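Colleague: Next up is a structure, given as structure tokens.
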Amino acid sequence: MKVFVSGGAGYIGGVVVSQLVAAGHEAVVYDNLRNGHPDSVPSAARLVVGDVGDRAKLCEIFAEFQPEAVMHFAASIEAGESMRDPAKFFRNNTANALTLLETILSHKVRCLVFSSTAALYGDPVSIPIRESDRLLPINAYGESKLLVERMLGWFHRIHGLSYASLRYFNAAGATENLGERHDPESHLIPIILQVASGLREYVSIFGDDYDTLDGTCVRDYVHVSDLASAHLLALHALHSRPEPTQLIYNLGNGHGFSVREVIECARRVTGRAIPAVVEARRTGDPAILVAGSEKIRAELGWTPQYPGLEQIVRSAWEYIQRGKQGD
């Protein structure tokens, strides 16, 4: 299959593209490289530098490559930042997604796999969260993604677009060659490991008065390789069905770990002290987000290969150590 991958030079996109080409697909990565890295794109894939908001550039690449499917990862992702600069998120995540959708329709591409988020659920009404639960984001990031999901529903209904919306919980871990390289880093596990590596003095705990067992936020961590495998399963499911198809799945391991538990796990894995400092809560952080992923397991046979937190943290630590050895 010929697959156009927006944001394919990023953390999750890069791992997905690696799995795509390993499975024999032909991939074009389209990325503005603001947050992506050229060396995240495997040599078997083609990299085109461009912005998803550039309709003319998109049409040029679609006309040349003639993709059969699209995977859309390109987005701003930091919930805290979205509460300071919501316009950036509605422009980059929502408006640019509409530009991409218009291009998809005009070039008669039938399938789209969309990178969505658990932030759609806001403060959940029950744990674990099901795909059928209410959608009520409490930050602009989640709202910007929810608007895209609503557009997808209408494009499916009116134009017959087949799509899969994959609602991630906390992507984490690393493959042998690809790990998290955000600048600045804002995700918990790589920040903790930066402290273990001596690159930071301490890890901040944003709030210790949540209604959880130890007062810190609880999250469901899923290995990036397992996320990637879910994308390929969704892509194949869409492509194999002749009728327009709508797939919506949570992606998580179904187990929640508090911030303090993740720090303790990293201390065991690294053998380092990892100082932690409690700070004020961040706006837009739900207390608990844990996925119910039974639907994709039952319908597509998705089975995470790295379900344990220690496996996830160890893979990220080994990735960092390999980088140090290569310096």
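The values are calculated or read from the model by the stated rules, or taken from the named source; none is laboratory data. Every value quoted in this text rests on a predicted model; they were computed, and no experiment measured them. Don't worry about glycine lacking a Cβ; one is built from the backbone with ideal geometry, like all the others, and counts go over all protein chains shown.
Colleague: Kindly establish whether ARG241 is farther than 23 Å from GLN19 by Cα and among the basic types (Lys, Arg).
Modeller: No, not satisfied.
Colleague: Given (1) under 23 Å from LYS295 (Cβ atoms); (2) of a type in the set (Ser, Thr, Tyr); (3) within 19 Å of the chain's Cα centre (by Cα), where does SER132 come up short, assuming only one miss?
Modeller: Going through (1) under 23 Å from LYS295 (Cβ atoms); (2) of a type in the set (Ser, Thr, Tyr); (3) within 19 Å of the chain's Cα centre (by Cα) one by one, SER132 breaks only (3).
Colleague: Could you list, in sequence order, all residues of the range 2-45 that are touching a residue at least 24 places away in the same chain (Cβ under 8 Å) and at positive phi? It would help to see each step written out before you state the result.
Modeller: Filtering the range 2-45 for residues touching a residue at least 24 places away in the same chain (Cβ under 8 Å) gives 2-21, 23, 25-33, 35-38, 40-42, 45.
Result: GLY7, LEU33.
Colleague: Regarding GLY215, is this residue free of Cβ contacts under 8 Å to residues at least 60 places away in the same chain and under 30 Å from ARG84 (Cβ atoms)?
Modeller: So GLY215 passes the test.
Colleague: Output the residues belonging to the range 152-193 that are modelled with pLDDT of 95 or more and surrounded by fewer than 16 Cβ atoms within 10 Å (Cβ to Cβ).
Modeller: Passing the criteria: GLY153, TRP154, ARG157, ILE158, HIS159, GLY160.
Colleague: Turning to a different aspect of this structure: Which residue pairs have Cβ atoms closer than 9 Å, lie 6 or more positions apart in sequence or on different chains, and pair a first residue in the range 177-201 that is in the same structural domain as ALA9 (by TED's automatic domain parsing) and of a type in the set (Lys, Arg) with a second residue that is at pLDDT 95 or above and in a loop (DSSP other than H, G, I, E, B)?
Modeller: Pairs that qualify, where the first residue is in the same structural domain as ALA9 (by TED's automatic domain parsing) and of a type in the set (Lys, Arg) and the partner is at pLDDT 95 or above and in a loop (DSSP other than H, G, I, E, B): there are none.
Colleague: Now, a different point. How do the pairs read when you match residues in the range 268-287 that are among the hydroxyl-bearing types (Ser, Thr, Tyr) with residues anywhere that are assigned to a loop (DSSP other than H, G, I, E, B), using Cβ under 6 Å and keeping only pairs 6 or more apart or on different chains?
Modeller: Once the first residue is among the hydroxyl-bearing types (Ser, Thr, Tyr) and sits in the range 268-287, its partners that are assigned to a loop (DSSP other than H, G, I, E, B) give THR283/MET83.
Colleague: Looking only at residues that are in contact (Cβ under 8 Å) with a residue 40 or more places away in the chain, over 17 Å from GLY179 (Cα atoms) and within 21 Å of the chain's Cα centre (by Cα) in the range 46-73, which one is surrounded by the most Cβ atoms within 10 Å (Cβ to Cβ)?
Modeller: MET71
Colleague: Give the range 54-77 a look and list any residue that's more than 16 Å from THR99 (Cβ to Cβ) and of a type in the set (Val, Ile, Thr), or say none.
Modeller: Scanning the range 54-77 gives a single hit, ILE77.
Colleague: Oh, and also: Being part of a helix (DSSP H, G or I), among the acidic types (Asp, Glu) and in contact with a Pro (Cβ under 7 Å, 6 or more places away or on another chain) is the requirement here; does GLU143 meet it? Spell out the reasoning first.
Modeller: Working: part of a helix (DSSP H, G or I): yes; among the acidic types (Asp, Glu): yes; in contact with a Pro (Cβ under 7 Å, 6 or more places away or on another chain): yes.
For GLU143, the condition - part of a helix (DSSP H, G or I), among the acidic types (Asp, Glu) and in contact with a Pro (Cβ under 7 Å, 6 or more places away or on another chain) - is met.
Colleague: Next question, about the same structure. Select the helices (runs of 4 or more DSSP H) contained entirely in the range 1-119, then report the ones holding at least 2 residues which are modelled with pLDDT of 95 or more and touching a Cys at 6+ places or on another chain (Cβ under 9 Å). If you could, list the steps in order and put the result at the bottom.
Modeller: Values: elements: 11-22, 55-65, 79-82, 86-89, 96-106.
Passing ranges, in order: 96-106.
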